[in-house]
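What follows is a set of notes on a single structure, which appears directly below.
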Amino acid sequence: MPITVVGSIAYDAVKTPFGERERMLGGAAVHFALAASFFEQVRVVGPVGDDFGEPELQVLRDREIDVSDVERVAGGKTFFWRGEYGWDLNSRETLDTKLGVFEGFAPKLSPASRSSEVLFLANIQPDLQREVRAQLPDARFVALDSMNLWIDIARESLVEAIKLCDCVILNDAELRQLTGQPNLLSAARDVLSWAPPSSEAGGVRGGGEVGGPQVIVAKQGEYGAALITRESFFALPAFPLESVVDPTGAGDSFAGGFVGYIAARLGSEQLSDELLRAAMAHGTALASFNVEEFGTERVVRLTDEEIAARVQELREITRLSC
Ligand code: AMP
């Protein structure tokens, strides 16, 4: 099932203890799309300025990502983000965010982007996430990511957006901040109880169900990610790496692997616990490749075989024989 993603398409300036890049391709939608493209057809929706280069667009085309809804805004500047990491790569400081063309952006989706059965609302202003959600009323699986900035300045809109989704993928600190619950499980249970105002959202829910989010993924940086549904709990460590160079985009690459894997199977399978766990492994694998080099540098050279081998290693690492 093809996936539509809306989110930032960016130039990033990043400094880590292992080097720096002053202007590289980034953005939540870009990292997501590259990762998901290993599993399914992806269509990217979002604006860029006329400073956005053709080679950057080609990076997406090379992975057969549909960029026809990447809107070039004449006279506009591409979204720009600057961040810096200390020795603890788990924490980063945002030094600059320039929304550029995202200010005043009104998403207009082509019939192709509206026809996707899977939708990922990557990290961007929640009002925009809701506008895009409204244009895919019949999507079968809708997932959403966000960040502390939007919880701080647009919480109400974000909560409304979440109510219209099947799956929420957030850092665990953001889940606690969003719900005011200091305990991760309680925070996830809170979000799982949020229901849409009416039967607005279709999704994978069957008739008679309450609706609202039914899958929560809590990202925990180098410690991995946890999966919480109404019935179950599952957790995976991050893939152990000796060298992490740049964590930027790890969360979006995780989401791309996770949602991409689900999208490739939802046509023939139910959204079972087994499917969700396998998706967690693929998200974890994609995130681990992403952090090995700066920005998109590693993922653009990645192969299906490398992904399969890393998922196999994850099986070994997490094997229990008791
Ligand atoms: P991640 O490391 O997965 O959380 O995502 C990093 C990406 O998010 C970078 O490539 C940035 O361009 C993008 N980003 C940072 N801040 C924002 C924001 N406020 N809105 C949308 N995208 C952002």
Before we move on, is ALA187 free of Cβ contacts under 8 Å to residues at least 40 places away in the same chain, surrounded by fewer than 18 Cβ atoms within 10 Å (Cβ to Cβ) and aliphatic (A, V, I, L, M)?
-> no
Taking segment 230-250 as the region of interest, how many residues are outside any loop (DSSP other than H, G, I, E, B) and within 13 Å of the ligand (Cβ to nearest atom)?
-> 1
Number of positions in segment 1-43 that are within 10 Å of the ligand (Cβ to nearest atom) and within 12 Å of the chain's Cα centre (by Cα) | 8
Exactly one of VAL217, VAL311 is of a type outside the set (Lys, Arg), touching a Cys at 6+ places or on another chain (Cβ under 9 Å) and either more than 16 Å from the ligand (Cβ to nearest atom) or more than 30 Å from ARG23 (Cα to Cα) (or both), and that one is VAL217
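Given the options LEU119, LEU144, name the one that is open to solvent by less than 40 Å² (accessible area, probe 1.4 Å), more than 24 Å from ALA173 (Cβ to Cβ), touching a Cys at 6+ places or on another chain (Cβ under 9 Å) and assigned to a strand (DSSP E or B).
Values: LEU144 fails: more than 24 Å from ALA173 (Cβ to Cβ).
Matching residue, one of LEU119, LEU144: LEU119.
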For GLY46, work out the one condition from (1) away from the ligand (no atom under 14 Å from the Cβ); (2) within 17 Å of the chain's Cα centre (by Cα) it doesn't fulfil.
-> (1)
Could you check VAL70 against (1) open to solvent by less than 10 Å² (accessible area, probe 1.4 Å); (2) over 26 Å from SER243 (Cβ atoms); (3) in contact (Cβ under 8 Å) with a residue 60 or more places away in the chain and say which number it fails?
-> (1)
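The values are calculated or read from the model by the stated rules, or taken from the named source; none is laboratory data. Since we're looking at a predicted model, the values are computed, not measured. A quick note on method: Cβ atoms are made from the backbone with ideal geometry, for glycine too, and the neighbour counts reach across all protein chains shown. Calculation scope for accessible area: heavy atoms of the full protein, side chains included, ligands and nucleic acids excluded. Shrake-Rupley method; radii C 1.70, N 1.55, O 1.52, S 1.80 Å.
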